[in-house]
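Below is one structure; the comments refer to it alone.
The values are calculated or read from the model by the stated rules, or taken from the named source; none is laboratory data. Bear in mind that the values here come from a model prediction, so they are computed numbers and not experimental data. Counting neighbours? That spans all protein chains shown, and the Cβs are built from the backbone with ideal geometry, glycine included. Each accessible area value is taken on the protein alone, full model and side chains, heavy atoms only, with ligands, DNA and RNA left out. Shrake-Rupley method; radii C 1.70, N 1.55, O 1.52, S 1.80 Å.
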Amino acid sequence: EDGIPHLTKIIRKPKGVGTEVKCLADGVVGIMLQMEICEGKDAEAEKKWSYLPAGTAQTLRLSELWHGSQRIVVGDSAFSSVTTAIECQKKGLFYSGIVKTASKEFPKDYLSDVSRYPVKGNHVSLTTVVENCKLLAVGWKDRTVKTFISTCGTTLPGQPHQKYRYSHNGDLVVTEINRPQLVSQYFGAASKIDVHNHFRQGLLNIETAW
């Protein structure tokens, strides 16, 4: 009766005012598995694993039912960090995700150096071991350089990224950009959450209903 619960304002989001929901979906078939409403600073501090960075804690909570299963968790930049990869390993899960701002202990500057990638499709990889956890850091050049942290996968050739363009004559032109298996695995799964966000905020318009 007091309006939408747990109202959040994030201007950069497609729906800038609404309810922020963190989700876990199957990366192959896309079915939603878990959801967690972001309830504000005080409530979040009472949740499990809240002593860890927010993205790491949310990852562990959403995936808790599958701890010890050796499944792969694929996360976007809201969740991905060296800490998340290590903590998932401790819980019996593999992790692979794209790193943007949560770059503590991650070689972001080195991998983001565009001079290391002469052409699109090039990649650079680094490995290390932290707390008995084997970590793989990868930079991959598309239009811009994208950086990844992973405890699984390889840098062997994966499924190329296909870009579709029309020529001046109206013919469809398909260009393939090489990418490592680790990168193609990420993009094969990452869009599943976007689909659910569109269903929830677009087609179902849940926030307006609330």
Result of the Cβ filter at 7 Å on the stretch 1-19, keeping first residues that are surrounded by 14 or more Cβ atoms within 10 Å (Cβ to Cβ) and partners that are among the acidic types (Asp, Glu) and at pLDDT below 75, at least 6 apart or interchain, is Ile4/Glu207; Lys15/Glu207; Gly18/Glu207; Thr19/Glu207
Search result, residues across the stretch 122-143 that are assigned to a loop (DSSP other than H, G, I, E, B) and at pLDDT 95 or above:
Asn122
Going through the stretch 60-80 in order, the residues found to be under 13 Å from the mean Cα position of the chain (by Cα) and open to solvent by less than 10 Å² (accessible area, probe 1.4 Å) are Gly75, Ser80
Have a look at Thr128, Thr83, Thr154, Thr144 and point out the one that is over 18 Å from the mean Cα position of the chain (by Cα) and open to solvent by 20 Å² or more (accessible area, probe 1.4 Å).
Thr128
Out of all the residues in the stretch 177-186, is one or more open to solvent by 70 Å² or more (accessible area, probe 1.4 Å), more than 20 Å from the chain's Cα centre (by Cα) and among the aliphatic types (A, V, I, L, M)?
no
Near pairs, Cβ below 6 angstrom, 6+ apart or cross-chain, from the stretch 41-57 (closer than 15 Å to Cys88 by Cα) to any residue that is open to solvent by less than 50 Å² (accessible area, probe 1.4 Å) and of a type in the set (D, E, K, R):
Lys48/Arg61; Thr56/Glu87
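Could you identify the single residue in His161, His196 that is touching an Asp or Glu at 6+ places or on another chain (Cβ under 7 Å) and surrounded by 12 or more Cβ atoms within 10 Å (Cβ to Cβ)?
Among His161, His196, only His161 is touching an Asp or Glu at 6+ places or on another chain (Cβ under 7 Å) and surrounded by 12 or more Cβ atoms within 10 Å (Cβ to Cβ).
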Just a yes or no: is a residue in the stretch 95-104 more than 24 Å from Thr175 (Cβ to Cβ), in contact (Cβ under 8 Å) with a residue 40 or more places away in the chain, of a type in the set (Phe, Trp, Tyr) and part of a loop (DSSP other than H, G, I, E, B)?
no
Can Val183 be described as touching a Gly at 6+ places or on another chain (Cβ under 8 Å), at pLDDT below 90 and closer than 18 Å to Asp76 by Cβ?
no
